[in-house]
Amino acid sequence: MFGYHGKLLNVNLTTGEINDLPVPEQIAKDYLGGCGLSAHLIYPFVKAGMDPFGGDNPLVFAVGPYVGTPIPMVSRSSVCGVSPQTGYWGEATTGGIFPFRLKASGYDGIFITGKAQKPVYLAVIDGKAELRDASHLWGKDSYATQEILKKEINERGLSVSCIGKGGENLVKFAGVMNDEGRAAGRTGLGALMGSKKLKAVAVTGTKTVPVADEAKLREMSRQIREIMISRRASMMEYGTLGYMETGHVFGDTPSRYFTRGAFPVHRVSATAFRRNYTIETYACFGCPTMCGRHLKHFSKKLDSIDGPEYETAGVFGPLSWNFDTDSIVLANHFCNLHGIDTISAGVTIAYAMYLSEQGVLTEKKAGMKIEWGDGKTILKLLDLIVKREGIGDLLAEGTLGLARALGADPETVAAVKGLEVPMHDPRSTTGMALTYATGSRGACHLRGDYYTVDLGVRVPEYGIAPFDRFKAEGKAVMVAKHQNFKDLYDSITMCKFANATPTQMADLLNAVTGWSTTPADLLTIGERSMNIKRAISNKLGVNRSHDHMPRITIAPVPEGSTAGKSPDMDTLLKEYYEVRRWDWDTGKPKKEKLVELGLADVASDLWQ
């Protein structure tokens, strides 16, 4: 096989057994790698009513065929499993250098089952794997864990993926951290890792895989890199935070827990952060874009600190009605330090502020006063969440868990299938509302980022182009194609900021593998991935009723460019189900659709 090692490392934490799990070439062709391959491998383990914290819930790290090649912006890897946060399909992706080091260790991924009796970490060095005691690491934050293991293992190029106290304490939205502040943040897979008593995975090596046409691959990679460099200026200057002002103009940045359509954007814009701090840029391995931020000389204790990205600044800023940039920076740092998802953490805290204003969460119940815009309260609540102390124990369950505990109206829970809505307002574009409602992991702005389409981004090869962002009719067919396309990125493992065309992606894949994959084939691979993930969630209880946008996120707001607007979810969903060929009564992909996608075994299992 070109582009692959053709195997994952298979680790049973209960028995300590470690061996190889072969990946046949046809499976690689069908799923590519990353999230898609992980879904294929996890599906046989999924049982109705299964406990996400049970030892039979696999945890899978995986990369795709681009990783380890000269292609730019491909240092991406996935972490997948049944989500402790939602109880359904869970996935997250990350960047940094860890993906390249995982591929260089001699494997296309790591498949982990069982539970260790005491804390352990997994070391995979040049094709040799070993479980080692991690008792001395338990209780350490993610930065300290990475630093200790690099010194302890002392291997060149070592990269560490680990959990912090959030994962250890089973915070439902705990993430998995690597390369300092890089995060596989969403769906609570850090909690799954913590339940297995797996503190860290440390990888490095010198293993390479052959490519089919090295000369063509290098020339194509050079051309694409030049294109990426030519359009990187805004990302280098502002990172993703540069979207804040654009989002405000389009009504795409929610504020005051999804109840307002405007806010003083100048106080939390990228320009404000540039004005307030000394910022240095950094990049994931092999990336010319350099969207990462370090704030230098932040304080006497923190000479260098991760700068917040757009999503994080949004949840701890406008969504919480907080415009103190220092507290936003510190909240981001705290989440990275202890390994919790900034989006879910921030939305949950904003929900607590909303419920306090509504009189549902009283000062007596909370044990403290919780008010809009209080940066100090945000930091205190984050500390309580990680420790699972006081009101933090409830907040650690996320918005849905908090609402259930307090008897709050479910329509005030800004989450889909238990995953909190990110910082792209579903009122701003009907395509984004439909994407959230039907996303494979719940409300997700990356699978796919349809707001970019209605802002002008096109994928002509798939017929994806902007039209009236508030219109419902005719939008579903493009949303489904766009989801398939963006799901593909997380299987081939390429950064979505690469903005590669389908033809470029197919040509690169063929140069790596020697296959004859077409852009149409790639769209089918993305569709296959979307449907097997849907089938996993169906087995775990998802039906049509779960494809629902809560009222708090779509009720008209009085100001901003979305004033008075609300997406027509009935029209959107009916068209979408027809396009997808999903059954309206059950929410399952129809049997004939699964068979068409080469998922006959899934069809028989799901429709038995």
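What follows draws every value from the coordinates through simple rules; no lab data is involved. Not measured: the values here are computed from a predicted model. Glycine gets a Cβ as well: all are built from the backbone with ideal geometry, and neighbour counts include every protein chain shown.
Observations on the model:
- Highest average first, the peptides 363-371, 477-485, 28-36, 125-133 ordered by how many other beta carbon atoms sit within 10 Å of their residues are 28-36, 477-485, 125-133, 363-371.
- For the stretch 399-461, the set of trypsin sites (Lys or Arg not before Pro) satisfying both a DSSP loop assignment and a count of at most 13 other C-beta atoms within 10 Å is given as Arg458.
- Mean separation of Cα contacts under 8 Å, 6 or more apart, over the residue count of the stretch 63-116: relative contact order %: 34 percent
- Given Lys118/Lys301; Lys103/Lys165; Lys128/Lys486; Lys417/Lys593, the pairs whose alpha carbons are separated by over 25 Å: Lys118/Lys301; Lys103/Lys165; Lys128/Lys486
- Here is the size of the chain from its Cα atoms: Rg then Dmax, 22.3, 68 Å.
- If you model the stretch 7-204 as an ellipsoid using its alpha carbon gyration tensor, with each semi-axis the square root of five times an eigenvalue, the axes come out at 21, 21, 16 Å, biggest first.
- Theoretical ellipticity at 222 nm over the chain - DSSP helices of four or more residues, -39500 (n - 2.57) apiece, nearest 500: -11500 deg cm²/dmol
- For Ser255, residues with placed amide H under 5 Å, excluding near neighbours: Arg260
- Sorting Leu572, Leu384 by the number of Cβ atoms found within 10 Å of their own Cβ, with the fewest placed first, yields Leu384, Leu572.
- Charge sum, other residues only, whose C-beta stays under 12 Å from Arg260's C-beta, Lys/Arg counted +1 and Asp/Glu -1: 0
- Along the stretch 324-339 the Karplus relation, 6.51 cos²θ - 1.76 cosθ + 1.60 evaluated at θ = phi - 60°, assigns HN-Hα couplings of 8, 5, 4, 5, 5, 4, 5, 5, 4, 4, 4, 4, 5, 4, 9, x Hz to successive residues, with x for each Gly and Pro.
- Put in order of Cβ neighbour count within 10 Å, fewest first, the listed residues Glu397, Glu168 become Glu397, Glu168.
- When Asp252, Asp547, Asp324, Asp468 are sorted by how many other C-beta atoms sit within 10 angstrom of their C-beta, beginning with the fewest, the order is Asp468, Asp324, Asp547, Asp252.
- Across the chain, the relative contact order, built from alpha-carbon pairs under 8 Å that are at least six residues apart, equals 16 percent.
- Karplus (6.51, -1.76, 1.60) ³J(HN,Hα), θ = phi - 60°, over the stretch 126-134, in Hz, Gly and Pro reported as x: 6, x, 10, 10, 8, 8, 10, 5, 10
- Average Cα contact separation per residue, the stretch 7-204, under 8 Å, 6 or more apart, as relative contact order %: 23 percent
- The stretch between Thr246 and Thr503, if pulled fully straight at 0.36 nm per residue, gains 89.6 nm over its current Cα-Cα span.
- In sequence order, calculated HN-Hα J values of the stretch 37-43 (Karplus, 6.51, -1.76, 1.60; Hz; x Gly/Pro): 5, 4, 4, 4, 6, 7, 3
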